[in-house]
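What follows is a set of notes on a single structure, which appears directly below.
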Amino acid sequence: MSIRSIIIGTGSCVPKRVVTNKEMESLVDTSDEWIRTRTGILQRHISNDRETNSYLATQSARKALDMASVLPQDLDLIIVGTMTPDMPMPSVACLVQNELGAKKAAAFDLYAACTSFLYALSVADKFIRFAPDMKVLVIGSEVLSRVINWKDRNTCVLFGDGAGAAVITGTKEDRGILSTHLHADGSLGELLILKGLDVDLPPGHSTLEKGQQYIQMQGREVFKHAVKAMETAAREALEANKWNEDDVDHLFSHQANVRIINFLGERLRLSQEKIFINVHKYGNTSAASIPICLDEANRTGILIPGHRILMVAFGGGFTWGSVAMCW
Ligand code: ACO
């Protein structure tokens, strides 16, 4: 019997402050109606100074560890998927390791934009297949509000802050992560770009004047690529596991835009109740979006052992991928 990785605990944390679409109307020339109909977003959670990336990550981790009944000192590895770390060094993973007191855990951050959580899950899965007793904490955590140009209506209405975590270990049972497929295409990187942390272009007057410290996006192009890439990654997962579309019980797609999620659902011919959506509450939380979905679904009891789960994400880089698992 082969070893598989299973999720034994999930957790999530979002900042307290909710910013509604109505509030966005006072910041930029937009409307609740435009944001709702184009994106499905109704509100987002925005961090204050104390709600740093590592704070949100640590809070989500504590909840996941609690659910898993795993002590921080028993963790072997912490991977944080993020593109908005507190600082380049130390990594968010090291900050979390220290906060938790996870003394024996190795720790590193992984950058794959909105696909980071699936990349991190895939890396954790590889470790566990070779060392099934390992306890790995995988987190997706972002404070995108800090890299958003609050004067650019094309982007500022889309994003939110938050973190989600999962504790992973090995099992000989016939469930857990069944397949992972990861992809990247650096030739399209300019379509969704954040230059603020460049070593070549450190924040300074010229960078600030050009607005290069903020996320810049060619929305329509990103939309087209996102739908196509996520469908391809989803179909790879179906094929690898010999699943039909009907075999999927839950789709957890990256929550960027409800239209992208529904397009994907339609292309995969999934009924609405199989498609998990919470983008209306949180906006696009990048690496945190899928683990927040997983945690919400887990805590509301809709994930039943044996359910077949398909996770699909797309993000800057471009990066995209899928993870199929049996709960
Ligand atoms: N309020 C009002 N009007 C707006 C706003 C706003 N917040 N933002 C843009 N507009 C205007 C534009 O200026 C444009 O006006 P114009 O025609 O006078 O030039 C008009 O609305 C239409 O703009 P489009 O870009 O064509 O609108 P579209 O229907 O494509 O929706 C959106 C824009 C929501 C950004 C869409 O393209 C999208 O969702 N793209 C994908 C974004 C995404 O998912 N990014 C992240 C994925 S990867 C990651 O998560 C990091």
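The values are calculated or read from the model by the stated rules, or taken from the named source; none is laboratory data. Computed from a prediction, not measured in an experiment: that's the story for all the values here. Because the Cβ atoms are built from the backbone with ideal geometry, glycine has one as well, and the counts that use them run over all protein chains shown.
All but one of (1) assigned to a strand (DSSP E or B); (2) under 17 Å from P88 (Cα atoms); (3) out of contact with any helix residue (DSSP H, G or I) (no Cβ under 7 Å at 6 or more places or on another chain) hold for L178; state the number of the condition that does not hold.
L178 satisfies every listed condition except (2).
Go through the range 27-51 residue by residue and tally those that are more than 11 Å from the ligand (Cβ to nearest atom) and acidic (D, E).
Step one: of the range 27-51, the residues more than 11 Å from the ligand (Cβ to nearest atom) are 42-51.
Then keep just the ones that are acidic (D, E); that gives 49, 51.
Of the residues in that region, 2 qualify.
Can you name every residue in the range 33-54 that is over 19 Å from A256 (Cβ atoms) and without any contact (Cβ under 8 Å) to a residue 24 or more places away in the chain?
Scanning the range 33-54 gives E33, D49, R50.
What's the total number of residues in the range 138-149 that are modelled with pLDDT of 95 or more and not in a helix (DSSP H, G or I)?
6
Is there a residue being in a loop (DSSP other than H, G, I, E, B), within 16 Å of the ligand (Cβ to nearest atom) and out of contact with any Cys (no Cβ under 9 Å at 6 or more places or on another chain) anywhere in the range 119-137?
So the first thing to find is which residues in the range 119-137 are in a loop (DSSP other than H, G, I, E, B), and the list is 131-135.
When the remaining residues are screened for being within 16 Å of the ligand (Cβ to nearest atom), the result is none.
No; the residues of the range 119-137 include none that is in a loop (DSSP other than H, G, I, E, B), within 16 Å of the ligand (Cβ to nearest atom) and out of contact with any Cys (no Cβ under 9 Å at 6 or more places or on another chain).
Yes/no per residue for (1) within 21 Å of L310 (Cα to Cα); (2) surrounded by 24 or more Cβ atoms within 10 Å (Cβ to Cβ):
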| residue | (1), (2) |
| --- | --- |
| L95 | no, no |
| E99 | no, no |
| A107 | no, no |
| S116 | yes, yes |
| A131 | no, no |
| M134 | no, no |
| V138 | yes, yes |
| L144 | no, yes |
| W150 | no, no |
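Go through (1) crowded, with 17+ Cβ neighbours inside 10 Å; (2) more than 21 Å from G140 (Cβ to Cβ); (3) more than 15 Å from the ligand (Cβ to nearest atom) one by one and return the number of the condition L310 breaks.
In the conditions (1) crowded, with 17+ Cβ neighbours inside 10 Å; (2) more than 21 Å from G140 (Cβ to Cβ); (3) more than 15 Å from the ligand (Cβ to nearest atom), L310 misses (2) alone.
Are there any pairs, at least 6 apart or on different chains, whose C-beta atoms fall under 8 Å, with the first in the range 294-322 and among the basic types (K, R) and the second in a strand (DSSP E or B), and if so, which?
Qualifying pairs under 8 Å: R299/T10; R308/H250; R308/A324; R308/M325; R308/C326.
Are any of the residues in the range 254-262 part of a loop (DSSP other than H, G, I, E, B), farther than 23 Å from C114 by Cα and in contact with a Cys (Cβ under 8 Å, 6 or more places away or on another chain)?
No, the range 254-262 contains no residue that is part of a loop (DSSP other than H, G, I, E, B), farther than 23 Å from C114 by Cα and in contact with a Cys (Cβ under 8 Å, 6 or more places away or on another chain).
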